[in-house]
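The structure under discussion appears below in the form of structure tokens.
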Amino acid sequence: MNDGVDFDHDAVLRFEEHRAHLRAVAFRMLGSTGEADDAVQEAWMRFARTDTAAVENLRGWLTTVVSRICLNLLRSRRHRQEDALDADLPLASAPGAGGDPESDAVMADSVGLALQVVIDALGPAERVAFVLHDMFGVPFDRIAPVLDRTTEATRQLASRARRRVREGRDRAEADRDARQRRSVVEAFLAAAREGRFEDLLAVLDPDIVVVADEAAVATGFSGREVIGAASVAAIFNGKAKAAVPVLVDGLAGAMWAPGGKPRSVLAFAVVDGKVASIEAMNAPDTIASLELVPFDR
């Protein structure tokens, strides 16, 4: 690893002691394993050319160096409008997956791809401030010189980034929950259409409650209230052949709409991956007040 630079064995050892940490920092800032390796290699080149004998905190010094390199790369990338997130970003191949405890923790699922996508939406300065402070515990007074900002301005950058990351994670979690609810409703409808009684039971909460309006009861629904998975499964087993999944006021549901006109709507409450309740609505006024959007929109 000389790259045309004179160095001694002790210098290599001193740098290698911090390589995993630097790769983890660079990856979180850049979102790209290749660019992270390039940034760490550039940090090595600068380290090898610099007399660091008097540096008391080499880890901090190297973190500052690699942070400045990453900041320059981020600014350059932004000008080029490049999307830096690796298309093949499995966590197992990212820095730190090879057994280093610190970088393994950094690359764990809890701060995995979803978080990296959110971080990638931050501006360069916000990104550096957030990653260094919130993910690696670097004090603001050490981050400020990297960004050429005051300590207070750096603190505000990190605060703004933290808020944006939190909002992004909340949106991602809501999207995950919505996808799960849709999946459960689709599984319910498929089992109902095909008459798979056991599969119906599998997606129903044991204490499920189905409530029907008077119009639904008048058109043949089994009472205003039905309780229990077995009873509910018996009602829908082999039925709902023409029902289509829809969002009912933003939540997963289903409707029967002969000729394109909704005649019956089912609103589902899904809790912990099970259908906890169903509201059956046939009253024209009620249906007219609902926002019904097909899943595939």
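Read-outs: derived from the displayed coordinates by stated rules, not from any lab. Keep in mind the model is a prediction, meaning the values are calculated, not measured. All Cβ positions, even for glycine, are placed from backbone atoms using ideal geometry, and neighbour counts span all protein chains on display.
Listed by chain and number, the lysines whose alpha-carbon sits under 27 Å from that of Lys274, ignoring those within fewer than 8 places in the same chain, are Lys239, Lys241. A Förster distance of 25 Å, applied to the separation of the beta-carbon atoms of Gln41 and Asn72, puts the FRET efficiency at 0.95.
Scanning residues 5 or more positions from Val275 or on other chains, those with amide H under 5 Å from its amide H are Leu204, Asp205, with H placed 1.01 Å from N in the peptide plane. Using the Cβ-Cβ distance between Arg196 and Ala121 with R0 set to 41 Å, the FRET efficiency works out to roughly 0.45.
Among Ser183, Ser67, the ranking by other beta carbons within 10 Å of each residue's beta carbon, starting with the fewest, stands as Ser183, Ser67.
What does the extension gain come out to for Ala53 and Asp170, with contour length at 0.36 nm per residue minus their alpha carbon separation?
Values: separation 117, 0.36 × 117 = 42.12 nm, distance 4.61 nm.
Contour length minus the Cα-Cα distance gives 37.5 nm.
Ratio of Rg to Rh for the range 178-294: 0.93 [Cα atoms; Kirkwood radius as inverse mean 1/r over pairs]. Residues whose amide H falls under 5 Å from that of Arg263, counting only those 5 or more places apart or on a different chain, are Trp256, Ala257, with hydrogens built in the peptide plane.
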